[in-house]
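This report refers to the structure that appears directly beneath it.
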Amino acid sequence: MNTSTERSANKADEDEILQKQRETFVASLSHDLKNPTLAQIRAIELILKGNFGEVSPEQREIMEMLLDSCKYMNAMLGNVLRTYRTDKGTVVLASEQVSLSNLAKECLEEMIYLAKDKNIKISYENCADKDTIWGDMIQIRRVIMNLLSNSIKYAYQNTNLEIKIYNEDEFTCFMFKNNSPYITPEKQKKIFARYISFSKTHSGIGLGLYASNKIVEAHGGTMFVKSEKDEHNTFGFKIPNNDNLKDAKRFVTF
């Protein structure tokens, strides 16, 4: 094979890799943006059902209009995000002081109606002496929203969800524990891989945990999973809370 042909073949291989990275990035972003939209839909549906009191005809008309608008936005997200492009699928991470406790409260407020819809009781405990890290607030929020959404979505109805922030050596840890189907050791080994989804009851393309793992690793941390045969599952992550990392340059490629 001559040099020109070799260059062409290498270029084709690089283009294929970049295209796959772009597709994964867009799909993971779409996955994350759909979660808050879905939460809005569930909240409006609960209001219309009268869960928070009687709804007047005028209020119902407005709420139904909002519900239709949210459903339309949720359906259009996929189409809009297909036009999103990023160079090589790489995101440069910001370096700012991030309070995990503040992010936890924000995410809980946003997803509370998904929990109410399944009558899931959430307990939240912050027992960390240091609950701040240096990193990208938007990307860490994506991780928390993914884990919270999954913890609610896959949990059995009328069960409890335990959320805890704690310290372990020089790490700040964020843990979710729910009552959901047992995950075998074999599946646990693959659960953070791209396009892996073991759910038989929920639609999904298996990108939420994959993207979350990439983000956490880019922050110098790790994700963890533990499944017990009594059907209690724990997911979480831990990220260094060392102030020396505030000037670190970080990148994540999806």
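Brief remarks on what is shown
- When residue 4 is tested against (1) modelled with pLDDT of 85 or more; (2) assigned to a helix (DSSP H, G or I); (3) more than 25 Å from residue 213 (Cα to Cα), only condition (1) is not met.
- Residue tally, condition under 16 Å from the mean Cα position of the chain (by Cα) and within 12 Å of residue 239 (Cβ to Cβ), over region 138-170: 4
- Checking each residue in region 215-224 for being over 20 Å from residue 154 (Cβ atoms) and buried (at least 21 other Cβ atoms within 10 Å of the Cβ) picks out 215, 219, 221.
- Selection count, region 231-248, where residues are modelled with pLDDT of 95 or more and either among the acidic types (Asp, Glu) or not assigned by TED's automatic domain parsing to the domain that holds residue 143 (or both): 1
- The set of residues from region 225-249 being within 13 Å of residue 191 (Cα to Cα) and loosely packed, with under 15 Cβ neighbours inside 10 Å comprises just one member, 226.
- Matching residues, region 43-58, being surrounded by 13 or more Cβ atoms within 10 Å (Cβ to Cβ) and assigned to a helix (DSSP H, G or I): 43, 44, 45, 46, 47, 48
- The condition of being modelled with pLDDT of 95 or more and under 22 Å from residue 36 (Cα atoms) holds for only one of 113, 72, 124, 84, that being 124.
- Meeting the requirement of 3 or more residues that are in contact with a Lys or Arg (Cβ under 6 Å, 6 or more places away or on another chain) and among the acidic types (Asp, Glu), no strands (runs of 3 or more DSSP E) wholly within region 215-254 can be named.
- Beta carbons closer than 8 Å, at least 6 apart along the sequence or on distinct chains, pair a first residue in region 134-157 that is under 14 Å from residue 252 (Cα atoms) with a second that is assigned to a helix (DSSP H, G or I) and of a type in the set (Ser, Thr, Tyr) for 142/212; 143/212.
- Meets criteria (modelled with pLDDT under 95 and surrounded by 15 or more Cβ atoms within 10 Å (Cβ to Cβ)) for residue 252: yes
- Matching residues, region 160-190, being farther than 17 Å from residue 100 by Cα and assigned to a loop (DSSP other than H, G, I, E, B): 180, 181, 182, 183, 184
- Only residues that are at pLDDT 95 or above and charged (D, E, K, R) were counted across region 159-190, and they come to 4.
Conditions (1) within 26 Å of residue 215 (Cα to Cα); (2) among the hydrophobic types (A, V, I, L, M, F, W, C); (3) assigned by TED's automatic domain parsing to the domain that holds residue 213; (4) not in a helix (DSSP H, G or I), marked per residue:
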residue: 22; (1), (2), (3), (4): yes, no, no, no
residue: 33; (1), (2), (3), (4): yes, yes, no, no
residue: 41; (1), (2), (3), (4): no, yes, no, no
residue: 60; (1), (2), (3), (4): no, no, no, no
residue: 63; (1), (2), (3), (4): no, yes, no, no
residue: 67; (1), (2), (3), (4): no, yes, no, no
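- Matching residues, region 191-214, being modelled with pLDDT of 90 or more and either in a loop (DSSP other than H, G, I, E, B) or more than 25 Å from residue 136 (Cα to Cα) (or both): 191
The values are calculated or read from the model by the stated rules, or taken from the named source; none is laboratory data. Please read these numbers as outputs of a predicted model, since none were measured by experiment. FYI the Cβ positions are ideal-geometry reconstructions off the backbone, even for glycines, and counts take in every protein chain you see.
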